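Written below as structure tokens is the structure these notes are about.
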Amino acid sequence: MGEAGATRGRPRSFDRDAALAAAVRLFWERGYGATSIGELTEAMGIRPASLYAAFGDKRSLFEEAVAAYGRTPAGTFMGAALEEEPTAYRAFARILREAARIYADPSHPAGCMTITAAANVAPQDAEVGARLKGLRNANLVVWESRLRAAQRTGELPERVNPRALAGYFATIIQGMSQRSCDGAGPDELAEIAELALAAWPGDREG
């Protein structure tokens, strides 16, 4: 009887990484506001008590899910392009072309999680919306920095406003994410990427 009581009081064991991956997928697909604790526990295969014990509340779980998404190929491809490509044009060309493929990949929810999860955030969850906005704006700062460096090396002409150009490509990326959520496939997104790249105002390579 003592052993049964100890077992009853012990939280059920589960694969934490698998449960977190399920939460990432659900938040990515439905957004933060439209995802309930009940839906999360069902998708994660755990009880509410186990969710709270392992991850804290819904907001804490979401923060961890965003961080986990940031370690996936969908979350790292932009940074990898900026680090690995020798010119700004090749970096942004790679970002847009890979976005066309990744955002429409049927093996996971469409679009970018940091964009789609921000939809319909309730006023009481304003901190969640602010967190996602901060991530997107941080990307914009990195992009602007890369474009300013390209301007210093002569890849971009002096007349170009690096902040505006970074904002332009961020707008294209956000639009591609939304189009994929609305059913656009990789071919359509790839055409959009090429149209956006045609607006590049400096030297082009690749």
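The values are calculated or read from the model by the stated rules, or taken from the named source; none is laboratory data. Here the structure is a predicted model, which means the values were calculated and not measured. All Cβ positions, glycine included, derive from the backbone under ideal geometry; neighbour counts span all protein chains shown. Quick note on the areas: whole protein, heavy atoms, side chains included, nothing else; ligands and nucleic acids left out. Shrake-Rupley method; radii C 1.70, N 1.55, O 1.52, S 1.80 Å.
Odds and ends about this structure:
- Which numbered condition LEU40 misses (of (1) open to solvent by less than 40 Å² (accessible area, probe 1.4 Å); (2) touching a helix residue (DSSP H, G or I) at 6+ places or on another chain (Cβ under 8 Å); (3) under 30 Å from ILE172 (Cα atoms); (4) at pLDDT 95 or above): (3)
- Test result for SER107, among the polar types (S, T, N, Q) and either in contact with a helix residue (DSSP H, G or I) (Cβ under 6 Å, 6 or more places away or on another chain) or assigned to a helix (DSSP H, G or I) (or both): no
Every residue, every condition in (1) outside any loop (DSSP other than H, G, I, E, B); (2) closer than 13 Å to PHE92 by Cα, yes or no:
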| position | (1), (2) |
| --- | --- |
| PHE169 | yes, yes |
| ILE173 | yes, yes |
| GLN178 | yes, no |
| GLY183 | no, no |
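- GLU194 fulfils the conditions (1) surrounded by fewer than 21 Cβ atoms within 10 Å (Cβ to Cβ); (2) within 19 Å of the chain's Cα centre (by Cα); (3) in a helix (DSSP H, G or I); (4) of a type outside the set (Phe, Trp, Tyr) except for a single criterion, (2).
- Test set (1) at negative phi; (2) open to solvent by 50 Å² or more (accessible area, probe 1.4 Å); (3) touching a residue at least 40 places away in the same chain (Cβ under 8 Å); (4) not basic (Lys, Arg) - ASN120 fails condition number: (1)
- Residues of the range 43-89 that are in a helix (DSSP H, G or I), small (Gly, Ala, Ser) and touching a helix residue (DSSP H, G or I) at 6+ places or on another chain (Cβ under 7 Å): ALA43, ALA54, ALA65, ALA68, ALA74, GLY75, ALA81, ALA88.
- Output for the range 59-83, where each listed residue is modelled with pLDDT of 95 or more, over 14 Å from the mean Cα position of the chain (by Cα) and of a type in the set (D, E, K, R): GLU83
- Looking across the range 156-186, just one residue is within 12 Å of ARG97 (Cβ to Cβ) and not aliphatic (A, V, I, L, M), and that is PRO186.
- Within the set ARG131, ARG136, ARG101, the sole residue that is surrounded by 14 or more Cβ atoms within 10 Å (Cβ to Cβ), in contact (Cβ under 8 Å) with a residue 40 or more places away in the chain, closer than 23 Å to THR72 by Cβ and not hydrophobic (A, V, I, L, M, F, W, C) turns out to be ARG131.
- Failed item, numbered, when GLY206 is tested on (1) at pLDDT 95 or above; (2) in a loop (DSSP other than H, G, I, E, B); (3) under 13 Å from ALA93 (Cα atoms): (1)
- Every residue from the range 143-161 that is assigned to a helix (DSSP H, G or I) and within 16 Å of ALA93 (Cα to Cα): TRP143, GLU144, ARG146, LEU147, ALA150
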